[in-house]
Structures are given as structure tokens and as C-alpha cells.
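Peer 1: Sharing a structure, written as C-alpha cells. Questions coming.
All of the numbers you see were taken from the coordinates with simple rules; none came from a lab. These numbers come from a predicted model, not from an experiment. Because the Cβ atoms are built from the backbone with ideal geometry, glycine has one as well, and the counts that use them run over all protein chains shown.
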Amino acid sequence: MPLRLDIKRKLVQRSDRVKGVELHPTEPWILANLYSGNVYIWNHATNSLVKSFEVTELPVRTAKW
């Protein structure tokens, strides 16, 4: 009979560390994916946030245009 383990996470910390950055080929945009599961699109010409959205509750390791 196999041993079954019921593991529950008690301490989970989601941080806003940037894991990857990608430049748009034609627009002045930067795509930044974060360890917290969020993705941000920044306009580096105006230094403003264009769009942000939560992709998953897990870390987003990479993003590509």
C-alpha cells in the first residue's frame, strides 16, 4: 500500500520580483513578467503603465511578444 502524504502550504509569499523583460519590436513598449504572476506592459517613451494583468497565481518565468 503506497504512503499518501497530505501536504498543505502554510507560508506562501508572492513577491513582485521581475523575472523577465522583453522589448516590443516596433512600439516603445516593455513587457515585464513578475514572479508574483503578473505581467506589465510599460511605455518607455512616456514612462507610463499601458496595461497590467494577472496571468496566474504561479510565477511567470518568461514572456514573449
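Peer 1: Set Lys and Arg Cβ to +1 and Asp and Glu Cβ to -1, take the dipole of the chain about its Cα centre, and tell me which of LEU23, VAL39, PRO59 lies farthest positive.
Peer 2: Ranked along the dipole, the leading option is PRO59.
Peer 1: Given the chain reduced to its alpha-carbon atoms as identical point scatterers, what log10 I(q)/I(0) does the Debye formula return at q = 0.12, 0.17, 0.19, 0.29 Å⁻¹?
Peer 2: -0.40, -0.63, -0.73, -1.23
Peer 1: Quick one: which residues, 5 or more positions from LYS19 or on another chain, have an amide H under 5 Å from its amide H? H modelled 1.01 Å from N in the peptide plane, none for Pro or chain starts.
Peer 2: HN-HN under 5 Å from LYS19: ASN33, LEU34, TYR35.
Peer 1: How many nm separate the modelled label positions at LYS64 and VAL21, each set 7 Å beyond the Cα in the direction of the Cβ?
Peer 2: 2.0 nm
Peer 1: Could you order peptides 51-64, 31-44 by the average number of other Cβ atoms within 10 Å of their residues, highest first?
Peer 2: Descending packing order for the listed peptides: 31-44, 51-64.
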